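Below you'll find the structure, written out as structure tokens, and then a few comments.
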Amino acid sequence: MLPSGFTSLKSKIISRFSLVIVIVGILTVSIVFFLSIKQSTDQTKKYLLDSVQEKSYELQSYFERTKRKVLVYSGKELVVDQFSKKNYSLVLPTLELLKDANEYMAVYAMDATGRTVVSTDPRFLDQNFSFRSYFAQALNGGVGTEQNLGSVSNELGFYFSHAIYNKDQKIIGVLVIKQSADKYVEFIKTSHLFSGAKPMLVKSDGTILYSNIDQRLLKNLTDFEYGKVLAEIKSYTAPLTIDVDDELDKKQELFTISRVGDSDLFFLLESNYDAIYARAGSFAGIISATVALTTIICIIILYLGVQKTLNPLKQLGEYVASLEQGNTKSKHQINSKDEIEQAASLIQHFAESINGFNSQLEQKVQAKTSELNERVKELEATKTAMVNVFQDLDDQKIISDIRAQELQKFKLAVDNASDHIVITDANANILYANQSVSNITGYSRDEIIGKTPSLWGKQMPDEFYKMFWDTIKNKKQSFAGEVTNKRKNGEKYVASVSIAPVLNKVGEVVFFVGIERDVTKAKEIDRMKTEFISLASHQLRTPLTAIKWYIEMLLNGDAGKLSKEQLAFLTQVDESNERMISLVNSLLNVSRIESGRILVEPKPTDLKQLINGVISEVQPKLQQKNMSIITDIHQEMPLINLDQNLVRQVYLNLLTNSIKYTPDKGEIHIFVSKRKDDILTQISDTGYGIPDKDKDKVFSKLYRGENIVQIETDGNGLGLYLVKAIVESSKGKIWFESAEGKGTTFWFTLPLTGMKYKKGEVRIDS
Amino acid sequence: METSRVLIVEDDPILLKAISEKLKLAGLETFSFYTGESALEYLFETKVTPNVIWLDYHLPGMTGTDFIKRVKANSKLKGIPVVVISNSAEEKAVSGAIAAGAEAYLLKAEHRLEELVQNIKMIADRR
């Protein structure tokens, strides 16, 4: 259902806004980080400066307190009195108190010569410290201060001194408080300014009085190549910070310098920048982390916000999906009080409308469903019928296979037929040619396919092809005839062709099927046969004629009178000779008919006259057998175009047969009637009849009925064959009925339209 | 009355003898030839004109049609009736001979010699 590449609205909003937030966050973090570092560094410097300054004040006030102590105690009545009285030991308890109360290292006093006369530290007694500057300073009035290693204790100490004056304002001694340097810098040691900072207390000449690094103690700043720091001290006016490159470890360091009051002491704090940066960095890191965290929180808030805002949209989608699944009655649960809820309500309303429509539809569907159930039952019945049909189809397939096999056999037969067989399309383009086409024409099948039969044709006059095409294409009739063609090698040949159009259901020519037979040889043989018969007839007839004529002259007595017996014998010879002549004539006629070379020359003919002529011709034979002939010829017989010679042959042969095969005193009937389209002739006799088993051979060449061969020797079995050939070539019909021993009736018809003229080479002989 | 003369052209000597004998018996004068050429030669070179010519059709070297045409082409001879008496019924022969001017075309085997002779005599005597 989801389109490809679907991305939820929520993801889009969150991802896009998150990207913006992250970018802004990263920028903010970067800016804050760098600003924070700078700010932090500056602040650290200021803090250091303030702190150092503050510590300086503290130190100063510490000094000042001690100064006041030495000033106060040097002026104490007891001290002055006892010193005046040189009663020094009485001062000691006071000094002890002072020392213990302030945790001083030592408190002691010297006489005016510098000899220590009283001391909380017994080791100092009788020691002369007049060489000390604090002694000299005290003698000069005011508070003397000195920071130095103790000559006895060898400990660094801060010395505060003040002269003790008697009542006469005469210096009678000097009070000294020795304070531990440790005490001064204790705050530094415990300072939590930051770890790694190195506090120093330096005199204006650069002497390092205090350092938490022992090697530096009492060395000069210049010894550590801090000349730059010393220069600053020497030109000091106010607290300051200074960057120093530490030549030793190649790191930049920060020195914070502050003078301790108006003393000769300077408080120095050597800080490592790494530490400063680290601190600043950690600070910046905290800020950046805060910003990053804020960014993440923003994204989460955004996610939740979007989630909350878009959740109704998701619900809407689910709601629509549930509608789509068909829960059209479900109600939406969206309560976002915004456009989404509005849209959901509209959809719900729409769904309710559809629901109403659906329930109507459902009723219709139910109606249709019951209809459909009926249809399904019908279909089941149809299916059963179909199954039966398919079974039938299976059977048909088997039949088809058998047919295909038969077709294959048929194709083999056609392929290998000795006749030339060609199938062309309606435009005479050759689609198929069998092997004989190649054999006869000399062209290979490849040369033939796709060409037209004119490849080997075109030898006939144009009129022929015109008539030919008109017959097969326009009239859609078969064409049969003889055509002269030409082989590939140029040799001409005569072919007997038969071309038939194959029509489709609407009567259009789809194919032509042409069958050709090379009849060149047959023609040649036929020509030779004709020539032979012509020659034979001439050659046979000449001696027969000679015999005929000499017998005739003998019988006529031209060679002298013959005896009765001679005459009888010679008559037999004459009859045999006449039969011989008749046989030769019949053979000639048959061969002429068969070769189609016979001339048909119709002339308007009075059939009655023709028939009477034939009757008179056979009259001698009738009389000889004492037979009667009855004729009944249609009164209004019209003149018909007939070849009299041929028609005469028909009547003559039939009548001769009737006479020949009817016993003496028999009867012959001739009925000629005019019908609608033709003339019907019936010739009946009361003769021997034709045996049933011979009936189908009656019109065969050289057939003679078994029953009459012995009775009548005269006859050659060619007569009826000739008759049938003449009648049928004249578009007539011939048939007969016969009962053995009762007689025979022949019928034949001749069309009223008569015979057609036909060019030929020979006539029929009588 | 002058004896009618018949010129016979027949390549078969046996038939020629029978014809000649029969015509003579019928009182006709005959001139017999085996070939067309010899008969024509005789006709062209002698002053004798026959009353009728008895002509076989198939002759050595020529046909009856050829013979008739030669006769009809000669002004002196063209009036002589020529009767073709042959055993050939070929249409070409029959129509050719008739067209060339033959008086009749008869088939030998179909006729008795007597009939043919009477026919010839009748034609010959017409003149």
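The values are calculated or read from the model by the stated rules, or taken from the named source; none is laboratory data. Nothing here was measured: the structure is a model prediction, and the numbers come from that model. Please note: Cβ atoms are built from the backbone with ideal geometry, for glycine as well, and neighbour counts cover all protein chains shown.
The residue that is surrounded by the most Cβ atoms within 10 Å (Cβ to Cβ), among those in the range A:471-504 that are hydroxyl-bearing (Ser, Thr, Tyr) and assigned to a strand (DSSP E or B), is A:493. Scanning the range A:73-131 for residues that are acidic (Asp, Glu), modelled with pLDDT of 85 or more and in a loop (DSSP other than H, G, I, E, B) yields A:121, A:126. When residue B:114 is tested against (1) within 14 Å of another protein chain (Cβ to nearest Cβ); (2) in a helix (DSSP H, G or I); (3) surrounded by 20 or more Cβ atoms within 10 Å (Cβ to Cβ), only condition (3) is not met.
Taking the numbered list (1) out of contact with any helix residue (DSSP H, G or I) (no Cβ under 8 Å at 6 or more places or on another chain); (2) in a loop (DSSP other than H, G, I, E, B); (3) in contact (Cβ under 8 Å) with a residue 40 or more places away in the chain in turn, residue A:507 passes all entries but (3). Picking from residues in the range B:18-49 that are surrounded by fewer than 22 Cβ atoms within 10 Å (Cβ to Cβ) and assigned to a loop (DSSP other than H, G, I, E, B), the one that is nearest to the other protein chains (Cβ to nearest Cβ) is B:26.
Checked against the criterion of being among the acidic types (Asp, Glu) and within 24 Å of residue A:699 (Cβ to Cβ), the candidates A:601, A:594 yield just one match: A:594. Taking the criterion of being assigned to a strand (DSSP E or B) and either within 14 Å of chain B (Cβ to nearest Cβ) or at positive phi (or both), the residues of the range A:742-762 that qualify are A:743, A:758, A:762. Taking the criterion of being of a type outside the set (A, V, I, L, M) and within 14 Å of chain A (Cβ to nearest Cβ), the residues of the range B:100-111 that qualify are B:105, B:108, B:110, B:111.
Comparison of A:287, A:299 shows that the only residue that is more than 28 Å from residue A:11 (Cβ to Cβ), surrounded by 14 or more Cβ atoms within 10 Å (Cβ to Cβ) and touching a helix residue (DSSP H, G or I) at 6+ places or on another chain (Cβ under 6 Å) is A:287.
When restricted to residues that are buried (at least 16 other Cβ atoms within 10 Å of the Cβ) and either more than 14 Å from the chain's Cα centre (by Cα) or under 26 Å from residue B:109 (Cβ atoms) (or both), the range B:1-16 contains 10.
Answer yes if at least one residue in the range B:87-99 is crowded, with 18+ Cβ neighbours inside 10 Å, farther than 25 Å from residue A:587 by Cα, away from chain A (no Cβ under 14 Å) and small (Gly, Ala, Ser), and no otherwise. No - not one qualifying residue is present in the range B:87-99. Among the residues making up the range A:30-51, those that are more than 12 Å from residue A:284 (Cβ to Cβ) and of a type in the set (D, E, K, R) are A:42, A:45, A:46, A:50. Within the range B:50-85, the set of residues being in a loop (DSSP other than H, G, I, E, B), more than 14 Å from every other protein chain (Cβ to nearest Cβ), within 24 Å of residue B:121 (Cβ to Cβ) and not aliphatic (A, V, I, L, M) comprises B:50, B:51, B:76, B:78, B:79, B:81. Count of the range A:214-252 residues, restricted to those that are out of contact with any Asp or Glu (no Cβ under 6 Å at 6 or more places or on another chain) and at positive phi, is 2. Within the bounds of the range A:674-696, is there any residue that is in contact (Cβ under 8 Å) with a residue 24 or more places away in the chain and part of a helix (DSSP H, G or I)? Yes - at least one qualifying residue is present in the range A:674-696. Residues in the range A:326-350 that are among the aliphatic types (A, V, I, L, M) and assigned to a loop (DSSP other than H, G, I, E, B): A:334 alone. Of all residues in the range A:85-94, none satisfies being of a type in the set (Val, Ile, Thr) and surrounded by fewer than 16 Cβ atoms within 10 Å (Cβ to Cβ). Residue A:646 meets each of the listed conditions (1) among the hydrophobic types (A, V, I, L, M, F, W, C); (2) more than 23 Å from residue A:720 (Cα to Cα); (3) out of contact with any Leu (no Cβ under 8 Å at 6 or more places or on another chain) apart from (2).
Residues in the range B:95-111 that are outside any loop (DSSP other than H, G, I, E, B) and of a type in the set (Asp, Glu): B:110 only. When the range A:566-589 is limited to residues that are among the β-branched types (Val, Ile, Thr) and within 14 Å of chain B (Cβ to nearest Cβ), the one that is farthest from residue A:725 (Cα to Cα) turns out to be A:571. Looking across A:112, A:101, one residue alone is small (Gly, Ala, Ser) and in contact (Cβ under 8 Å) with a residue 60 or more places away in the chain. It is A:112. Is at least one residue of the range A:453-470 among the hydroxyl-bearing types (Ser, Thr, Tyr), part of a helix (DSSP H, G or I), out of contact with any helix residue (DSSP H, G or I) (no Cβ under 8 Å at 6 or more places or on another chain) and surrounded by 16 or more Cβ atoms within 10 Å (Cβ to Cβ)? The answer is no; no qualifying residue exists. When the range B:67-76 is filtered for residues that are surrounded by fewer than 18 Cβ atoms within 10 Å (Cβ to Cβ) and touching a strand residue (DSSP E or B) at 6+ places or on another chain (Cβ under 9 Å), only B:72 remains.
Here the range A:511-558 is the region considered, the condition is being basic (Lys, Arg) and crowded, with 17+ Cβ neighbours inside 10 Å, and the residue that is nearest to the other protein chains (Cβ to nearest Cβ) is A:541. Scanning the range A:527-586 for residues being in contact with a His (Cβ under 8 Å, 6 or more places away or on another chain) and hydrophobic (A, V, I, L, M, F, W, C) gives a total of 0. Residues of the range B:1-17 that are in contact with a helix residue (DSSP H, G or I) (Cβ under 8 Å, 6 or more places away or on another chain) and facing another protein chain (nearest Cβ under 10 Å): B:10, B:12, B:14, B:15.
Going through (1) in contact with a His (Cβ under 9 Å, 6 or more places away or on another chain); (2) basic (Lys, Arg); (3) not in a helix (DSSP H, G or I) one by one, residue A:67 falls short only on (3).
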